[in-house]
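The values are calculated or read from the model by the stated rules, or taken from the named source; none is laboratory data. What you see is a predicted model, and the numbers here were worked out from it, not measured in a lab. Note that each Cβ is placed from the backbone with ideal geometry, even for glycine, and that neighbours are counted across all protein chains shown. Side chains are part of the model used for accessible areas, which takes the heavy atoms of the whole protein and leaves out ligands, DNA and RNA. Shrake-Rupley method; radii C 1.70, N 1.55, O 1.52, S 1.80 Å.
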Amino acid sequence: MSDTNLSGLKVVYVEDDPDIRAVAELSLGDVAKFDVRLCASGKEALELFEEFKPDLVLLDVMMPGLDGPQTLRALRKQEGMDSVPVIFMTARLQPEEVDEYLRLGAIGVIPKPFDPMTLGDQIRAMISG
């Protein structure tokens, strides 16, 4: 991830809403030029992590089955996934909620709805510190 542009960054976005996934795919793939994989559930993402080995994981907070925080906890238990940066994407932005996401180990939170034209730049800024 030393390339400051981060083109080709391997990103997994876990989002249960198909419309948001479609917009994110265009935003992250076509606009940001990331190598993106989309998952509709935390369970699907956990199965994908082993083969895809992402550089970054974007997680929706509210999902049926495994929610975002539960998915993050399970992700951290997988071999080689304990240090992969995670960003939550959510409309749940009360200060105590954001604090909890950061306590869980997320490097940041991106509010939804997000701007598809600037999403890649927001991610680059968070990864770069």
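For Leu9, the residues 5 or more places off, or on other chains, whose built amide H falls under 5 Å of its own are Asp35. Placing pseudo-labels 7 Å out from each Cα toward the beta carbon at Met62 and Ala125 gives an inter-label distance of 2.5 nm. Solvent-accessible surface of the chain, averaged per residue with a 1.4 angstrom probe and all protein chains in place: 51 square angstrom. Heavy-atom surface analysis with a 1.4 Å probe gives the chain a carbon and sulfur content of 52 percent of its accessible area.
Classify the chain as rounded, prolate or oblate, taking a ≥ b ≥ c as the square roots of the eigenvalues of its Cα gyration tensor: rounded when a/c is under 1.5, otherwise prolate if a/b is larger than b/c and oblate if not. Rounded is the answer for the chain, as its axis ratio a/c remains below 1.5. Using a probe of 1.4 Å on the protein chains alone, the accessible area found for Phe34 is around 10 Å².
For Glu50, the solvent-accessible surface computed with a 1.4 Å probe is close to 140 Å², ligands and nucleic acids excluded. Across the protein chains, with a 1.4 Å probe defining accessible surface, the residues Lys10, Lys112 rank Lys10, Lys112 from largest area downward.
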